[in-house]
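**Q** Pasting in a structure now, in C-alpha coordinates, and then I'll have a few things to ask.
The values are calculated or read from the model by the stated rules, or taken from the named source; none is laboratory data. Only a predicted model underlies this, so the values are computations on that prediction, with no experimental measurement involved. Using ideal geometry, Cβ is built from the backbone for each residue, glycine included, and neighbour counts are taken over all protein chains shown. Side chains included, ligands, DNA and RNA excluded: accessible areas come from the protein's heavy atoms. Shrake-Rupley method; radii C 1.70, N 1.55, O 1.52, S 1.80 Å.
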Amino acid sequence: MRIEAGVATHVGQVRSGNEDAYLLDPPLYAVADGMGGHRGGEVASQLALTTIAESFRKGAVPFAEQVQAANRAVFDRSGADRAVAGMGTTLTAAVIRGDLAHLVHVGDSRAYLLRAGSLRQLTDDHTLVNRMVKAGEITPAEAEVHPHRNVLVRALGTEPDVPLDEQDVGLLDGDRLLLCSDGLTGMLTEEQIQAILGSTDGAPQEAADRLVLAANRAGGVDNITVVVLDVLPDDGTEQDEVVAATAASGADATLVAEEDPVRPARTPEARRRRWRVAMIAGIVIVALGAAFTGARALIDTRWYVGVADGRVAIYQGIPADVFGFQLSHVVEETEISAPAAEALPLWASLAGGINVDSRADADARVEQIRRDVARAARGGTGGHA
Ligand code: MG
(Lines give C-alpha, C1' and ligand atoms only; values in the text may rest on other atoms or scores of the structure.)
Protein backbone atom coordinates (compact mmCIF):
# COMPACT_ATOMS: atom_id res chain seq x y z
CA MET A 1 0.00 0.00 0.00
CA ARG A 2 0.99 3.60 -0.40
CA ILE A 3 0.04 6.84 1.35
CA GLU A 4 -1.28 9.98 -0.26
CA ALA A 5 -1.32 13.04 2.00
CA GLY A 6 -3.25 16.29 2.17
CA VAL A 7 -2.55 19.05 4.66
CA ALA A 8 -4.02 22.40 5.62
CA THR A 9 -3.35 24.82 8.44
CA HIS A 10 -5.06 28.10 9.19
CA VAL A 11 -4.77 30.78 11.85
CA GLY A 12 -8.58 30.81 12.27
CA GLN A 13 -10.87 33.81 12.75
CA VAL A 14 -9.81 35.01 16.19
CA ARG A 15 -6.12 34.36 16.92
CA SER A 16 -3.39 36.69 15.62
CA GLY A 17 -0.75 33.99 15.12
CA ASN A 18 -0.70 30.33 14.18
CA GLU A 19 0.91 28.26 16.94
CA ASP A 20 0.08 24.97 15.27
CA ALA A 21 2.68 23.15 13.22
CA TYR A 22 2.68 20.03 11.08
CA LEU A 23 5.17 17.64 9.59
CA LEU A 24 4.85 15.75 6.33
CA ASP A 25 8.05 13.78 6.05
CA PRO A 26 7.02 10.31 4.83
CA PRO A 27 6.78 7.88 6.52
CA LEU A 28 6.47 10.38 9.40
CA TYR A 29 3.43 12.63 9.77
CA ALA A 30 2.60 14.85 12.74
CA VAL A 31 0.51 17.69 14.11
CA ALA A 32 1.59 19.87 17.05
CA ASP A 33 -0.38 22.60 18.82
CA GLY A 34 1.85 24.93 20.80
CA MET A 35 0.93 26.90 23.90
CA GLY A 36 2.52 29.31 26.33
CA GLY A 37 2.08 32.85 25.09
CA HIS A 38 2.14 34.19 21.57
CA ARG A 39 5.81 33.41 21.07
CA GLY A 40 6.17 30.34 23.28
CA GLY A 41 3.44 28.41 21.48
CA GLU A 42 5.01 28.91 18.10
CA VAL A 43 8.49 28.04 19.32
CA ALA A 44 7.30 24.93 21.18
CA SER A 45 5.41 23.32 18.29
CA GLN A 46 8.10 24.17 15.72
CA LEU A 47 10.99 23.13 17.95
CA ALA A 48 9.31 19.83 18.81
CA LEU A 49 8.70 18.96 15.16
CA THR A 50 12.10 20.09 13.83
CA THR A 51 13.82 18.12 16.60
CA ILE A 52 11.77 15.02 15.79
CA ALA A 53 12.29 15.40 12.03
CA GLU A 54 16.05 15.63 12.47
CA SER A 55 16.37 12.63 14.75
CA PHE A 56 13.92 10.64 12.64
CA ARG A 57 16.16 11.02 9.61
CA LYS A 58 19.11 9.74 11.63
CA GLY A 59 16.86 6.97 12.93
CA ALA A 60 19.36 5.74 15.53
CA VAL A 61 16.86 5.22 18.36
CA PRO A 62 13.21 4.12 18.58
CA PHE A 63 10.67 6.76 17.65
CA ALA A 64 9.34 7.15 21.20
CA GLU A 65 12.87 8.01 22.37
CA GLN A 66 13.11 10.63 19.64
CA VAL A 67 9.89 12.17 20.94
CA GLN A 68 11.31 12.12 24.47
CA ALA A 69 14.38 13.96 23.16
CA ALA A 70 12.09 16.55 21.57
CA ASN A 71 10.29 16.86 24.91
CA ARG A 72 13.62 17.58 26.55
CA ALA A 73 14.60 20.09 23.87
CA VAL A 74 11.40 22.09 24.42
CA PHE A 75 11.73 21.78 28.20
CA ASP A 76 15.36 22.94 28.16
CA ARG A 77 14.61 25.89 25.89
CA SER A 78 11.68 26.85 28.06
CA GLY A 79 13.98 26.94 31.08
CA ALA A 80 16.76 28.84 29.31
CA ASP A 81 14.76 31.59 27.62
CA ARG A 82 12.42 33.75 29.67
CA ALA A 83 10.59 34.86 26.52
CA VAL A 84 9.25 31.33 26.09
CA ALA A 85 9.20 30.13 29.71
CA GLY A 86 6.47 27.60 30.43
CA MET A 87 5.81 26.79 26.80
CA GLY A 88 4.70 23.35 25.67
CA THR A 89 3.00 21.61 22.80
CA THR A 90 0.72 18.75 21.93
CA LEU A 91 1.99 16.09 19.56
CA THR A 92 0.07 13.54 17.56
CA ALA A 93 2.42 11.68 15.23
CA ALA A 94 2.09 8.67 12.92
CA VAL A 95 4.93 6.63 11.47
CA ILE A 96 3.50 4.51 8.66
CA ARG A 97 5.48 1.47 7.54
CA GLY A 98 3.90 -1.25 5.47
CA ASP A 99 0.34 -1.69 6.67
CA LEU A 100 1.04 -0.45 10.18
CA ALA A 101 0.65 3.07 11.58
CA HIS A 102 2.60 3.61 14.79
CA LEU A 103 0.97 6.45 16.72
CA VAL A 104 2.64 8.51 19.43
CA HIS A 105 0.44 10.99 21.21
CA VAL A 106 0.44 13.55 24.00
CA GLY A 107 -2.05 16.38 24.55
CA ASP A 108 -5.40 17.12 22.94
CA SER A 109 -4.65 17.01 19.25
CA ARG A 110 -6.23 13.86 17.83
CA ALA A 111 -5.90 10.99 15.41
CA TYR A 112 -8.99 9.52 13.77
CA LEU A 113 -9.50 6.59 11.46
CA LEU A 114 -12.20 6.65 8.80
CA ARG A 115 -12.88 3.07 7.71
CA ALA A 116 -15.83 2.02 5.55
CA GLY A 117 -17.50 5.37 6.12
CA SER A 118 -17.36 5.44 9.91
CA LEU A 119 -15.06 7.57 11.99
CA ARG A 120 -13.24 6.32 15.09
CA GLN A 121 -11.13 8.43 17.45
CA LEU A 122 -7.81 6.65 18.00
CA THR A 123 -6.26 8.91 20.61
CA ASP A 124 -7.28 9.88 24.11
CA ASP A 125 -7.30 13.59 25.06
CA HIS A 126 -4.96 14.41 27.91
CA THR A 127 -7.30 17.06 29.25
CA LEU A 128 -8.74 17.78 32.64
CA VAL A 129 -12.31 17.37 31.37
CA ASN A 130 -11.56 14.01 29.75
CA ARG A 131 -10.14 12.83 33.06
CA MET A 132 -13.34 14.04 34.78
CA VAL A 133 -15.50 12.24 32.21
CA LYS A 134 -13.60 9.02 32.77
CA ALA A 135 -13.99 9.39 36.52
CA GLY A 136 -17.74 9.78 35.99
CA GLU A 137 -17.71 13.30 37.41
CA ILE A 138 -19.17 14.97 34.32
CA THR A 139 -20.82 13.75 31.11
CA PRO A 140 -19.21 14.01 27.66
CA ALA A 141 -21.82 16.66 26.78
CA GLU A 142 -20.83 18.71 29.84
CA ALA A 143 -17.18 18.31 28.90
CA GLU A 144 -17.81 19.91 25.51
CA VAL A 145 -18.95 23.18 27.08
CA HIS A 146 -16.83 23.04 30.24
CA PRO A 147 -14.97 26.32 30.94
CA HIS A 148 -11.74 24.39 31.50
CA ARG A 149 -12.09 22.10 28.49
CA ASN A 150 -8.76 23.33 27.09
CA VAL A 151 -6.72 22.60 30.20
CA LEU A 152 -4.15 19.90 29.45
CA VAL A 153 -2.94 17.44 32.04
CA ARG A 154 -0.06 16.36 29.81
CA ALA A 155 1.98 18.16 27.16
CA LEU A 156 5.35 17.98 25.46
CA GLY A 157 8.02 20.22 26.97
CA THR A 158 6.47 21.09 30.33
CA GLU A 159 8.29 18.39 32.34
CA PRO A 160 11.73 16.77 31.93
CA ASP A 161 10.00 13.50 31.00
CA VAL A 162 6.57 12.94 29.54
CA PRO A 163 4.48 9.76 29.46
CA LEU A 164 3.56 8.99 25.84
CA ASP A 165 0.56 7.12 24.51
CA GLU A 166 1.70 4.66 21.86
CA GLN A 167 -0.28 2.29 19.70
CA ASP A 168 -0.06 0.40 16.44
CA VAL A 169 -2.99 0.57 14.06
CA GLY A 170 -3.29 -1.96 11.24
CA LEU A 171 -4.23 -0.24 7.99
CA LEU A 172 -6.41 -1.43 5.13
CA ASP A 173 -6.66 -0.15 1.58
CA GLY A 174 -9.25 2.63 1.51
CA ASP A 175 -8.60 3.75 5.10
CA ARG A 176 -8.31 7.46 5.75
CA LEU A 177 -6.30 8.69 8.73
CA LEU A 178 -6.80 12.18 10.15
CA LEU A 179 -4.38 14.01 12.43
CA CYS A 180 -5.74 17.32 13.67
CA SER A 181 -5.40 20.05 16.27
CA ASP A 182 -8.25 20.95 18.62
CA GLY A 183 -9.04 23.96 16.43
CA LEU A 184 -10.85 21.44 14.23
CA THR A 185 -12.49 19.23 16.85
CA GLY A 186 -13.52 22.23 18.97
CA MET A 187 -15.50 23.62 16.03
CA LEU A 188 -16.93 20.54 14.34
CA THR A 189 -18.76 17.50 15.67
CA GLU A 190 -17.48 14.05 14.83
CA GLU A 191 -20.54 13.62 12.60
CA GLN A 192 -19.52 16.70 10.61
CA ILE A 193 -15.91 15.55 10.34
CA GLN A 194 -17.04 12.09 9.24
CA ALA A 195 -19.36 13.58 6.62
CA ILE A 196 -16.59 15.70 5.08
CA LEU A 197 -13.99 12.91 5.16
CA GLY A 198 -16.50 10.48 3.73
CA SER A 199 -17.59 12.68 0.84
CA THR A 200 -14.20 13.61 -0.63
CA ASP A 201 -13.00 10.25 -1.92
CA GLY A 202 -9.61 10.09 -3.52
CA ALA A 203 -8.59 13.66 -2.74
CA PRO A 204 -6.95 14.00 0.68
CA GLN A 205 -5.99 17.61 -0.07
CA GLU A 206 -9.58 18.49 -0.89
CA ALA A 207 -10.71 16.85 2.35
CA ALA A 208 -8.09 18.81 4.33
CA ASP A 209 -9.13 22.10 2.74
CA ARG A 210 -12.81 21.44 3.33
CA LEU A 211 -12.28 20.56 6.99
CA VAL A 212 -10.42 23.83 7.61
CA LEU A 213 -13.07 25.79 5.72
CA ALA A 214 -15.85 24.20 7.79
CA ALA A 215 -14.03 24.92 11.07
CA ASN A 216 -13.58 28.55 10.03
CA ARG A 217 -17.24 28.84 9.08
CA ALA A 218 -18.17 27.42 12.48
CA GLY A 219 -16.25 30.24 14.17
CA GLY A 220 -12.57 29.39 13.85
CA VAL A 221 -11.81 30.38 17.43
CA ASP A 222 -8.47 28.56 17.41
CA ASN A 223 -5.72 27.68 14.95
CA ILE A 224 -6.79 24.77 12.75
CA THR A 225 -4.45 22.13 11.39
CA VAL A 226 -5.33 18.88 9.63
CA VAL A 227 -3.29 16.15 7.97
CA VAL A 228 -5.34 13.68 5.91
CA LEU A 229 -3.64 10.42 4.94
CA ASP A 230 -5.21 8.09 2.40
CA VAL A 231 -4.18 4.45 2.38
CA LEU A 232 -4.20 3.36 -1.25
CA PRO A 233 -3.47 0.05 -2.95
CA ASP A 234 0.02 -0.25 -4.36
CA ASP A 235 -0.53 0.20 -8.08
CA GLY A 236 3.04 0.47 -9.34
CA THR A 237 3.14 4.24 -8.95
CA GLU A 238 6.83 4.08 -8.07
CA GLN A 239 7.47 2.53 -11.44
CA ASP A 240 5.54 5.37 -13.05
CA GLU A 241 7.61 7.93 -11.18
CA VAL A 242 10.86 6.41 -12.40
CA VAL A 243 9.61 6.53 -15.99
CA ALA A 244 8.36 10.09 -15.57
CA ALA A 245 11.66 11.22 -14.05
CA THR A 246 13.64 9.71 -16.88
CA ALA A 247 11.28 11.13 -19.48
CA ALA A 248 11.77 14.59 -18.03
CA SER A 249 15.52 14.41 -18.59
CA GLY A 250 15.40 15.11 -22.31
CA ALA A 251 18.02 12.45 -23.01
CA ASP A 252 15.15 10.05 -23.11
CA ALA A 253 13.82 11.27 -26.45
CA THR A 254 15.66 8.23 -27.78
CA LEU A 255 13.55 5.84 -25.76
CA VAL A 256 10.33 7.55 -26.72
CA ALA A 257 11.28 7.49 -30.41
CA GLU A 258 12.02 3.79 -30.08
CA GLU A 259 8.37 3.20 -29.33
CA ASP A 260 7.15 5.34 -32.20
CA PRO A 261 5.52 3.02 -34.75
CA VAL A 262 5.52 5.66 -37.51
CA ARG A 263 9.29 5.72 -37.81
CA PRO A 264 11.12 3.12 -39.88
CA ALA A 265 12.61 0.19 -38.01
CA ARG A 266 16.23 0.67 -36.96
CA THR A 267 19.11 -1.74 -37.32
CA PRO A 268 19.97 -3.71 -34.14
CA GLU A 269 23.29 -1.81 -33.99
CA ALA A 270 21.56 1.60 -34.00
CA ARG A 271 19.11 0.35 -31.42
CA ARG A 272 21.93 -0.88 -29.16
CA ARG A 273 23.71 2.47 -29.50
CA ARG A 274 20.57 4.36 -28.56
CA TRP A 275 19.99 2.13 -25.56
CA ARG A 276 23.61 2.70 -24.50
CA VAL A 277 23.16 6.49 -24.76
CA ALA A 278 19.94 6.25 -22.77
CA MET A 279 21.58 4.05 -20.15
CA ILE A 280 24.56 6.39 -19.73
CA ALA A 281 22.19 9.33 -19.47
CA GLY A 282 20.27 7.39 -16.82
CA ILE A 283 23.43 6.67 -14.84
CA VAL A 284 24.45 10.33 -15.02
CA ILE A 285 21.04 11.38 -13.74
CA VAL A 286 21.22 8.89 -10.86
CA ALA A 287 24.76 10.06 -10.02
CA LEU A 288 23.70 13.71 -10.05
CA GLY A 289 20.72 12.84 -7.87
CA ALA A 290 22.94 11.00 -5.39
CA ALA A 291 25.42 13.89 -5.32
CA PHE A 292 22.60 16.34 -4.71
CA THR A 293 21.07 14.16 -1.97
CA GLY A 294 24.50 13.70 -0.36
CA ALA A 295 25.26 17.42 -0.50
CA ARG A 296 21.82 18.14 0.88
CA ALA A 297 22.33 15.71 3.79
CA LEU A 298 25.73 17.26 4.49
CA ILE A 299 24.36 20.79 4.37
CA ASP A 300 21.54 19.82 6.73
CA THR A 301 24.07 18.91 9.39
CA ARG A 302 25.58 22.41 9.32
CA TRP A 303 24.43 25.37 11.40
CA TYR A 304 25.28 29.00 11.69
CA VAL A 305 24.10 32.17 13.37
CA GLY A 306 23.38 35.07 11.08
CA VAL A 307 20.94 37.85 10.32
CA ALA A 308 17.36 37.68 9.05
CA ASP A 309 15.02 40.67 8.81
CA GLY A 310 17.40 42.77 10.90
CA ARG A 311 17.38 40.23 13.74
CA VAL A 312 19.80 37.60 14.93
CA ALA A 313 18.72 34.26 13.49
CA ILE A 314 19.71 30.60 13.52
CA TYR A 315 20.25 29.01 10.12
CA GLN A 316 20.56 25.42 9.05
CA GLY A 317 22.97 24.95 6.17
CA ILE A 318 25.99 26.96 5.09
CA PRO A 319 26.11 30.72 4.50
CA ALA A 320 26.48 30.59 0.72
CA ASP A 321 24.53 30.07 -2.45
CA VAL A 322 25.32 28.08 -5.58
CA PHE A 323 23.94 29.28 -8.93
CA GLY A 324 21.42 31.34 -6.98
CA PHE A 325 20.30 28.41 -4.79
CA GLN A 326 20.50 29.24 -1.10
CA LEU A 327 22.29 26.49 0.80
CA SER A 328 20.61 27.41 4.06
CA HIS A 329 17.31 28.37 5.59
CA VAL A 330 16.22 30.19 8.73
CA VAL A 331 15.23 27.82 11.52
CA GLU A 332 14.60 30.42 14.16
CA GLU A 333 14.47 34.19 14.24
CA THR A 334 15.23 35.72 17.61
CA GLU A 335 14.08 39.10 18.93
CA ILE A 336 17.70 40.32 19.19
CA SER A 337 18.51 43.34 17.04
CA ALA A 338 21.22 42.45 14.51
CA PRO A 339 22.65 46.02 14.30
CA ALA A 340 22.97 46.08 18.10
CA ALA A 341 24.91 42.81 17.99
CA GLU A 342 27.08 43.85 15.03
CA ALA A 343 28.04 47.03 16.88
CA LEU A 344 29.98 44.80 19.27
CA PRO A 345 33.47 43.83 18.05
CA LEU A 346 32.97 40.15 18.84
CA TRP A 347 29.84 39.91 16.71
CA ALA A 348 30.82 42.33 13.89
CA SER A 349 30.94 39.48 11.36
CA LEU A 350 27.42 38.28 12.16
CA ALA A 351 26.00 39.24 8.76
CA GLY A 352 28.47 36.89 7.05
CA GLY A 353 27.34 34.01 9.26
CA ILE A 354 29.07 32.51 12.30
CA ASN A 355 29.49 28.77 11.86
CA VAL A 356 28.72 26.50 14.80
CA ASP A 357 28.82 22.73 15.26
CA SER A 358 25.22 21.96 16.14
CA ARG A 359 21.83 23.35 16.85
CA ALA A 360 22.66 23.36 20.56
CA ASP A 361 25.81 25.39 19.84
CA ALA A 362 23.72 27.80 17.79
CA ASP A 363 21.38 28.25 20.75
CA ALA A 364 24.34 28.78 23.07
CA ARG A 365 25.83 31.34 20.68
CA VAL A 366 22.55 33.21 20.50
CA GLU A 367 22.46 33.26 24.30
CA GLN A 368 25.98 34.79 24.33
CA ILE A 369 24.87 37.43 21.85
CA ARG A 370 21.75 38.15 23.90
CA ARG A 371 23.82 38.61 27.06
CA ASP A 372 26.44 40.76 25.32
CA VAL A 373 23.82 43.00 23.73
CA ALA A 374 22.03 43.37 27.06
CA ARG A 375 25.31 44.16 28.82
CA ALA A 376 26.22 46.75 26.17
CA ALA A 377 22.79 48.32 26.52
CA ARG A 378 23.42 48.65 30.25
CA GLY A 379 26.66 50.49 29.45
CA GLY A 380 29.08 47.60 29.67
CA THR A 381 31.84 46.87 27.18
CA GLY A 382 30.02 44.18 25.30
CA GLY A 383 33.22 42.19 25.52
CA HIS A 384 33.33 38.52 26.15
CA ALA A 385 33.70 37.42 29.76
MG1 MG B 1 -5.34 24.61 19.62
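**Q** Given points 7 Å out from each Cα along the Cα-Cβ axis, report the LEU128 to ASP168 separation in nanometres with one decimal.
**A** For LEU128 paired with ASP168, the spin-label model returns 3.8 nm.
**Q** Another question, then. Over the range 34-99, what is the relative contact order in whole percent, taking alpha-carbon pairs under 8 Å and six or more residues apart?
**A** 44
**Q** Taking the Cα-to-Cβ direction at ALA64 and at ALA135 and moving 7 Å from each Cα, how far apart do the two end points lie in nm?
**A** Reported label-point gap for ALA64 and ALA135 is 2.6 nm.
**Q** Can you give the net charge of the other residues whose Cβ lies under 12 Å from the Cβ of ALA207, counting K and R as +1 and D and E as -1? Intermediate values should be presented prior to the final figure.
**A** On the way: positive: ARG176, ARG210; negative: GLU4, ASP201, GLU206, ASP209, ASP230.
Value of the local net charge: -3.
**Q** Let me ask another. Would you mind computing, in nm to one decimal, how far apart the modelled labels at ALA85 and ASP99 are, each placed 7 Å from Cα along Cα→Cβ?
**A** With each label point 7 Å from Cα toward Cβ, the separation is 5.3 nm.
**Q** Work out the FRET efficiency for VAL14 and GLU191 from their Cβ-Cβ distance, taking R0 = 25 Å, and round it to the nearest 0.05.
**A** It comes to 0.55.
**Q** Okay, moving on. For the range 2-262, which whole-number percentage of the solvent-accessible area (1.4 Å probe, protein heavy atoms only) is attributable to carbon and sulfur atoms?
**A** Reported share for carbon and sulfur atoms: 52 percent.
**Q** I need the phi-derived Karplus couplings for the range 58-72: 6.51 cos²θ - 1.76 cosθ + 1.60, θ = phi - 60°, integer Hz, Gly and Pro marked x.
**A** 6, x, 6, 10, x, 4, 4, 5, 5, 5, 4, 5, 5, 4, 5
**Q** Tell me, what is the FRET efficiency for ARG273 and LEU298 to the nearest 0.05, using R0 = 25 angstrom and their Cβ-Cβ distance as r?
**A** The formula returns an efficiency of 0.10 here.
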